[in-house]
Amino acid sequence: MPKVKPKRHVPSIDMTAMVDVAFLLLTFFIMTTKFRAAEKVQVDTPYSTGDVKLKNDSTMVITVNDDGRVFISFGSPTVRGAIFDRMAMRHGAYFNRVTDKGRDFFSHTEQFGTSISEFGKWLGGKDPLVMEDYTHNGIPLGDDGRPNELLYWITEVRQFDAKNMKFAIKGDRETSMPTIEKVIHSLQEKKANKFFLITNMEAGAAPKGAEPSAPAAPAAAPGAPADPKPPGM
Amino acid sequence: MAELNHSKSSKTRIDMTAMVDVAFLLLTFFILTTTLATPGSLEVNKPSSEGITEVPCNNTLTLYAGADDKVHCVLGCDTPPITTDFSADGIRRVIAEALAANPKLIISIKPTEHSYFRNLVDLLDEMEITNAPRFALAHVTDEDKIFLADNRLK
């Protein structure tokens, strides 16, 4: 850079109006954004062309991850609180040790996957940070001798508001079908014959299954790791 | 105005460029996060589990979702299964041809224990794409298992 500077005419633009607009929009988006709560499990939903949009507040989402653990989430804190109280009434023994802090924490937790027999352990303390760190092992579906607790929750939801509450199943691409069928069966048992499968929107007209049909290993062992290629990508 | 800078103008100018940068950065962030979080979903209406009616097999196309992303299609009663995949040339053509031959066809979807959730979603999605009027999600019975085993299929 030469040291000799010519006289500069820096054009100065008045940015006040632009800043005004930017902050106005910013405020609007900050106000309207509702952050998705951190999820206890990560699921990669399959792709489909289905475009039904679900109202979050009145939906019970049953999430099943790839190793078959089941989680439940309700959209709004009021619904969560109400369902929790109904469960506490019905299965009192498990809820004896749950503190007020615990109930409060539950109604602010979007997703959980804990057997009610462990609720005392999970929600029995006073420190929300400890509750936050609790490991969720999934809701029992009636295997290994424990009752099907998903049925309990569905029952309460149906009795709470059968007309407006919807059910959705959010499965991972790699979730094996027997687990999904168990969930569907539980829903049907409580006469929830209409439900939704949450999927990713397929991009454009890309046909699904465009993946080259993998050289199928003949007689692969059941549950052999399938290649996790998303179809159509 | 710019020329007046050296004179005794009492107006102080604040450089707002950085502020605008920050504002737009945040703005972009919030715009992106608001619109991206809307997943789609497939609606499933299952018939009530009471009063299950058996459908005559000559009017059905049964799709078994099998292992390794394969579908085994059985059209009608005692026909040998055709194994295909989830591509547009595979299962979609099978369904389209069967529907063209018999518009009253009932399609029965049976995901076997070796299949994954994505296979179910793919099949249900195919129903939507091919506009199949009547289809049902059914459970794989013991007879189905024997049938598949007889044909050495999974």
Using only atoms on other chains, find how many Cβ atoms lie within 10 Å of each Cβ of peptide B:106-119 and report the average. 6
For chain B, find the longest principal axis of its Cα atoms and tell me its angle to the long axis of helix B:17-36, 0 to 90°, nearest 10. 10 degrees
Looking only at B:41, B:87, B:115, which one moves most when chain B is put into a Gaussian network model with springs between Cα atoms under 10 Å? B:41
If you bin every alpha carbon distance in the stretch B:58-135 into 10 Å steps from zero, what whole percent lands in each bin? 20, 60, 20, 0
Over the Cα atoms of the stretch A:1-136, each weighted equally, I'd like the Debye log10 I(q)/I(0) at q = 0.18 Å⁻¹, rounded to two decimals. -1.10
Does anyone have the angle between helix B:91-101 and the longest principal axis of chain B? Alpha-carbon axes, 0 to 90°, nearest 10? 60 degrees
Quick query: amide H of residue A:148 versus all other amide H atoms, modeled in the peptide plane; which residues come in under 5 Å with a sequence gap of 5 or more or a different chain? A:142
Can you quote the Å³ per residue value for the convex hull of the Cα atoms in the stretch A:83-180, rounded to an integer? 121 Å³
dims of chain B, Cα set, principal axes, largest to smallest, nearest Å -> 100, 31, 30
What is the ratio of the Cα radius of gyration of the stretch A:71-112 to 2.2 N^0.38 Å, where N is its residue count, to two decimals? 1.08
Please work out how much length the chain gains when fully extended from residue A:42 to residue A:161, using 0.36 nm per residue of separation minus the C-alpha to C-alpha distance, in nm with one decimal. 40.0 nm
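Read the figures in this text as sums done on the coordinates, not as results from a lab. Source: prediction; values computed, not measured. Ideal geometry is used to build each Cβ from the backbone, glycine not excepted, and the neighbour counts take in all protein chains shown.
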